[in-house]
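Nothing in this text is a laboratory measurement; each read-out follows from the coordinates by a stated rule. Treat the numbers as computed from the prediction; the structure is a model and nothing was measured. A quick note on method: Cβ atoms are made from the backbone with ideal geometry, for glycine too, and the neighbour counts reach across all protein chains shown.
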């Protein structure tokens, strides 16, 4: 009616001998053992006779005789603990190995009994012995683990996550770029290693956030760390083992601090940054009359290069000299106490100028007019390896106004130059401004076009890259670039609130870093590094 259970097998039946239940679940062994006592005694006597015989374990015939002796009692079920019963039967020390084998096999889980088999309580010892002898001798040998099949190589595909930060197509694009970056760095590793590492890094970045921007930045940081390791992955360099890595070189630690220094849009607007594409200019710009940016004379833009009207001017702005500063307040705005550094003459004594140009020059200030000459664009959304850079541009005077003639980009963490190129202006060159730009010559062999320059720039920065510089509104305007991740040292640390009276970079470097720059010919690399050093100094000063 119910399947035989062994849960109550060790509990004596309450009904004892009066129990009439078929296949009772309780223990009735005590009554059965009492009935089998004569047989057990007879068995013990014969067993003692067997033990007294010499070499009984070595003679197979005698061992088989033991089994035959046991077979006489196999017809009557004997219910005892199997391990205790075996110890009584095989007391000879020479049979210990056989007993161990029996105990090992008896511990194996047995299959479910068939309907025609006897229950566990009715099994005889001989039937158990028969089951014990079934396994082959080689089954007791050490079982060697099965050889695992070689794992399938990981494919360059993004793994699924619960809340993906972006589409599968976008994740695939980032994954491919990560794979290419790792291949270029880990050249001593095979392609499958780079695939596995790229998939792992992309998966960790995707699991970390559901925001696309945070996901992209996390993946860049992970790749950046690998690309900028001096030694192969997993093998620390001697310098790294001897000196601890500075916090300022750790992107995970620095980037959140840099993000807090990004200028808000209202400050960017107030400092002449262009944040939207200007509308179309409907007038005729060639007929516009402007003042020369050097001497102040009037000029018609369309006739700038048609007449040889000499422009006589002072290359440098008047400054308050140290001698005058001792006798007057440093806040005295009287220009009568100022001199021109270019020729060391005061404003009262100075002539019309000490330098001459063949043509007058001008600088467009209206974003609509600037956009009409050279269109503004937003920063490209390409995948790049640099999280923060220092940028400095040099400008010259052309028939298009104030144009870029050199651009330099430096990585914030490694402080290595990642882009430095001379740019061919779109207009005709009037003045290279060599003293301030450091550019003395522009040829086809040493320069690139404006469009090519901007394409190279978009290979190292994108919309999420933090750009660091001084007076970056001028750089962004000549680049015709709309970018919002700006850290401008002239906005952050200038003592003047007026955007037109910002402290020069050399003053900030002197105050914060206690060193001098721009002592000789102007160097854009020097300026870009100086801005990076100021920001690093302020971060360490505040957070360490």
| Once all Cα-Cα distances of region 376-543 are split into 5 Å bins that start at 0, what whole-number percent is in each one? | 1, 9, 17, 22, 21, 16, 10, 3, 1, 0
| said: Based on alpha-carbon atoms only, what is the radius of gyration of region 379-427 relative to the globular estimate 2.2 N^0.38 Å? | reply: 1.36
| said: Under 25 °C and 0.890 mPa s, how fast does region 360-448 diffuse according to Stokes-Einstein, given a Kirkwood radius computed over C-alpha pairs? Answer in µm²/s, whole number. | reply: 167
| query | For the pair residue 19 and residue 190, what calculated FRET efficiency results from E = 1/(1 + (r/R0)^6), where r is the Cβ-Cβ distance and R0 = 60 Å, to the nearest 0.05? | reply | 0.20
| query | Contour minus end-to-end for residue 293 and residue 319, with contour as 0.36 nm per residue of separation and end-to-end as the Cα-Cα distance? | reply | 7.5 nm
| task | May I ask you to sort 397, 253 by Cβ crowding, counting other Cβ atoms within 10 Å and putting the fewest first? | result | 253, 397
| Rounded to the nearest 0.05, what FRET efficiency do residue 435 and residue 275 have when you use their Cβ-Cβ distance and R0 = 30 Å? | 0.40
| request: Provide 426, 387 in ascending order of the number of other Cβ atoms located within 10 Å of each residue's Cβ, fewest first. | output: 426, 387
| request: Give me the distance in nm between label points sitting 7 Å out from Cα along the Cα-to-Cβ direction at residue 449 and residue 358, one decimal. | output: 2.5
| task | Report the extension gain between residue 380 and residue 498 in nm, rounded to one decimal, defined as 0.36 nm multiplied by the number of residues separating them, less their alpha carbon distance. | result | 39.3 nm
| remark: The residues 310, 416, sorted from fewest to most surrounding Cβ atoms within 10 Å, come out as 416, 310
| message | Run the simple label-point estimate for residue 544 and residue 344 please: 7 Å along Cα→C-beta, distance reported in nm. | response | 4.3
| remark: Taking every alpha carbon pair in region 158-235 and sorting the distances into 10 angstrom bins from 0 up to the bin holding the longest one, the percent per bin comes out as 20, 53, 23, 3
| What length, rounded to one decimal in nm, is gained on full extension from residue 154 through to residue 537, with 0.36 nm per residue of separation minus their alpha-carbon distance? | 133.5 nm
| Given a Förster distance of 25 angstrom, what is the FRET efficiency for residue 306 paired with residue 426, based on the Cβ-Cβ distance and rounded to 0.05? | 0.85
